[in-house]
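To start, the structure itself, in structure tokens.
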Amino acid sequence: MFPALTDAQIARLSAFGEQRRVEAHEIVFDQGDASRGVFVVLDGSIEVLNVAKGHEGALRVLRRGEFTGEVNQLSGRRSLVRCRASEASNLLEIARADLRHVMQNDAELGEVLLRAFMLRRVFLIAHSVGDAVLIGSNHSADTLRLQSFLARNGHPHTYLDVERDPDVQIMLDEFQITLADIPVLICRNDLVLRNPTNAEAAACFGLNAGIDEGGVYDLIVIGAGPSGLAAAVYGASEGLNVLVVESTAPGGQAGSSSRIENYLGFPNGISGQDLARRAFVQAEKFGANIAVARSARRLKCGRPPYTVDLDDGGAVQGRSIIVAAGAQYRKLDLPNLTHFEGAGVYYGATSVEAEMCSGQTVAVVGGGNAAGQAAVFLSSVAKRVYLLVRGPGLVDTMSRYLISRIEACSEITQKTWTQIQKLEGGAYLERIQWRNSRTGLEETEDVQHLFIMTGADPNTSWLGECLALDDKQFIKTGTDLGTEWPLPRPPYLLETSLPGVFAVGDVRAGSLKRVAAAVGEGSMAVQFVHKILAG
Ligand SMILES: Cc1cc2nc3c(=O)[nH]c(=O)nc-3n(C[C@H](O)[C@H](O)[C@H](O)COP(=O)(O)OP(=O)(O)OC[C@H]3O[C@@H](n4cnc5c(N)ncnc54)[C@H](O)[C@@H]3O)c2cc1C
């Protein structure tokens, strides 16, 4: 996390920085500052401090050759820590734009800096260092929403549970919060947000700081799942001015996967959040702008540059568009389903949800790989996992390696021909009744957590009539368009019925619903974007 640069490396960096003298105890930058660069210590020493509830905690003293910074430096987001000179010191300050230039053009320095930045972010998350405290309850859907939002955006936070944590009352009294206000997000140590929306949380933590919305982008990507992040990495690394608009957080459906084992290059598997975090940093390193907690609400189908209206009333313009909006889970047709969403019913199985299932009974609905992965993952923490499948078994719908693991796991009970009839409970889920469609047998089991993984529908309702869709509302592209293509030239692969607008990944008709396929399509589409931009 704290490598010291060699004299030769410092000399190379000096061409991009400015020397700055700081006196003993001077604040170099503070928690919450957004516009600072990276500081390399030339002589003397500076301290990195965690600031929580008004108190400082020492994290590290940096000396000759050591440098400040973590992944926030790339995106221009606010600093999570304070930095103060321990003694009179000389520093080399490198501004954010120059830092990006160095990282892209000096492979050796780029690697040292990026590795340190990423390890430091992992440390900050693991030790809850930063400017966010979430007070909530494990039985509240909005608490889960905010927890997931912060976790999936890689924003470190301290979580205090009103039912379990003795420190909570102190915090509640300190900020005059009543139990009725829960969940509450304390932002930058003093702002109290009562049950904020994701957009309000993002604004308070400055997650979209540093993004320029004026002007016309070369490329706007809608969605930051694997396909959108791939498009951002390839576009930005090839010199395009790229904006990505994401409704919640980078990662998409893959971000809700506990372990992806069939993505090339990761023989031990990788969690969806980890993959997303790496891709996000990679895109930022190359200069892509990624706006989170903002949704595309409408695509105007006039002539280029195209305008995308956003849900907060803003609008952005792009000379080309890649729609990478993916798909979202289907829900079960049960009358009180929404009552239990986030309070026992979930659509993704990550470490956030798993923590709640420890020692309890869990049911997973679905026969595909997502359901299989969730069942295997949850069996490591839950007392029992019921895997409920509507059909005769898993052979036709699930990968063989997952079926073998399920069969070998004594905590998983498979129930075929089974459909849920009823959910029961008070504030949160307590029991489920299901029925075997072959035998008619009805059973009721004490189940505290239900994971629904029964396929997905495309996120295309915001497109209106702009693009040609198939009968299941997936976007048609390339030769599938037939007479719906308007120009004399043939459409490029992945191009939609609106020239210069492409569709990639799960949202595209005929796509393979896999991470690798989504990444491949996102990368490929950028080649055709170059052709569009070249006129
Ligand atoms: C639990 C689970 C496990 C899985 N495991 C595997 C696996 O092991 N291996 C594998 O190959 N595949 C796996 N998959 C499938 C894989 O995750 C998907 O194929 C892949 O994520 C598709 O990527 P995408 O970028 O096309 O879409 P998505 O991942 O769906 O991402 C779309 C993004 O667009 C955003 N968005 C939607 N609408 C808008 C809008 N209007 N404005 C702005 N943003 C918007 C969404 O918030 C989302 O972040 C799994 C899926 C799930 C759900």
Q. What number of residues in the range 416-427 are in a strand (DSSP E or B) and surrounded by fewer than 16 Cβ atoms within 10 Å (Cβ to Cβ)?
A. 4
**Q.** Residue list for the range 205-233, restricted to those being closer than 30 Å to N189 by Cα and open to solvent by 10 Å² or more (accessible area, probe 1.4 Å)
**A.** N208, A209, G210, I211, D212, E213
Q | Considering residues of the range 343-374 that are under 24 Å from R435 (Cα atoms), more than 11 Å from the ligand (Cβ to nearest atom) and among the small types (G, A, S) only, the residue modelled with the lowest pLDDT | A | A343
Q: Go over the candidates L229, L219 one by one and state the one that is touching a residue at least 24 places away in the same chain (Cβ under 8 Å), within 14 Å of the ligand (Cβ to nearest atom) and over 14 Å from S295 (Cβ atoms).
A: L229
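The rows are residues; the columns are (1) at pLDDT 95 or above; (2) more than 14 Å from the chain's Cα centre (by Cα); (3) more than 9 Å from the ligand (Cβ to nearest atom).
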| residue | (1), (2), (3) |
| --- | --- |
| G225 | yes, no, no |
| I260 | no, yes, no |
| D312 | no, yes, yes |
| G318 | yes, yes, yes |
| R330 | no, yes, yes |
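Give the residues of the range 440-462 that are more than 16 Å from the ligand (Cβ to nearest atom) and either on the phi > 0 side of the Ramachandran plot or in contact with a Cys (Cβ under 6 Å, 6 or more places away or on another chain) (or both), sorted by residue number. Outline the logic, then answer.
As a first pass, look at the range 440-462 and keep what is more than 16 Å from the ligand (Cβ to nearest atom): 440-448.
If the condition is that a residue be more than 16 Å from the ligand (Cβ to nearest atom) and either on the phi > 0 side of the Ramachandran plot or in contact with a Cys (Cβ under 6 Å, 6 or more places away or on another chain) (or both), then G440 is the only one that fits.
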Q | Selection count, the range 389-412, where residues are open to solvent by 40 Å² or more (accessible area, probe 1.4 Å) and not aromatic (F, W, Y) | A | 12
**Q.** Condition check for L264: open to solvent by 20 Å² or more (accessible area, probe 1.4 Å) and under 18 Å from G252 (Cα atoms)
**A.** no
Q: State whether one or more residues within the range 49-65 are touching a helix residue (DSSP H, G or I) at 6+ places or on another chain (Cβ under 7 Å) and hydrophobic (A, V, I, L, M, F, W, C).
A: no
Q. With (1) within 28 Å of the chain's Cα centre (by Cα); (2) assigned to a strand (DSSP E or B) as the list, and T413 as the residue in question, which single condition is left unmet?
A. (1)
Q: Test each condition in (1) over 20 Å from the mean Cα position of the chain (by Cα); (2) open to solvent by less than 40 Å² (accessible area, probe 1.4 Å) for P196 and report the one that comes out false.
A: (1)
Q | Among the candidates L150, L179, L109, residue that is at negative phi and surrounded by 21 or more Cβ atoms within 10 Å (Cβ to Cβ) | A | L150
Q: Could you grab me the full set of residues in the range 24-48 that are surrounded by fewer than 19 Cβ atoms within 10 Å (Cβ to Cβ) and of a type in the set (A, V, I, L, M)?
A: A24, I27, A34, L42
Q: Pick out the one residue from Q373, Q360 that is surrounded by 24 or more Cβ atoms within 10 Å (Cβ to Cβ) and in contact with a Lys or Arg (Cβ under 7 Å, 6 or more places away or on another chain).
A: Q373
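Per-residue answers, yes or no, for (1) out of contact with any helix residue (DSSP H, G or I) (no Cβ under 9 Å at 6 or more places or on another chain); (2) acidic (D, E); (3) in a helix (DSSP H, G or I); (4) touching a residue at least 40 places away in the same chain (Cβ under 8 Å):
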site	(1), (2), (3), (4)
M171	yes, no, yes, no
I177	no, no, no, yes
A180	yes, no, yes, no
L185	no, no, no, yes
N189	yes, no, no, yes
A201	no, no, yes, yes
A209	no, no, no, yes
D212	yes, yes, no, yes
Q. Does the range 55-82 hold any residues that are modelled with pLDDT of 95 or more and open to solvent by less than 10 Å² (accessible area, probe 1.4 Å), and which are they?
A. L62, G65, F67, T68
Q) Within the range 428-439, is there a residue that is of a type in the set (A, V, I, L, M, F, W, C), within 16 Å of the ligand (Cβ to nearest atom), assigned to a strand (DSSP E or B) and closer than 27 Å to A327 by Cβ? A) no
Q. Of all residues in the range 235-258, which are open to solvent by 30 Å² or more (accessible area, probe 1.4 Å) and either modelled with pLDDT under 90 or within 6 Å of the ligand (Cβ to nearest atom) (or both)?
A. S247, T248, Q253
Q. Given the range 444-535, what strands (runs of 3 or more DSSP E) lie entirely inside it while holding 1 or more residues that are of a type outside the set (D, E) and open to solvent by less than 10 Å² (accessible area, probe 1.4 Å)?
A. 449-452, 501-503
Q: Give the residue that is surrounded by the most Cβ atoms within 10 Å (Cβ to Cβ), with candidates limited to residues of the range 305-347 that are over 22 Å from S256 (Cα atoms) and β-branched (V, I, T).
A: I322
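The values are calculated or read from the model by the stated rules, or taken from the named source; none is laboratory data. These numbers were taken from a predicted model, which means no experiment stands behind them. Please note: Cβ atoms are built from the backbone with ideal geometry, for glycine as well, and neighbour counts cover all protein chains shown. Note: accessible area is taken over every heavy atom of the protein model, side chains too, but ligands, DNA and RNA are not part of it. Shrake-Rupley method; radii C 1.70, N 1.55, O 1.52, S 1.80 Å.
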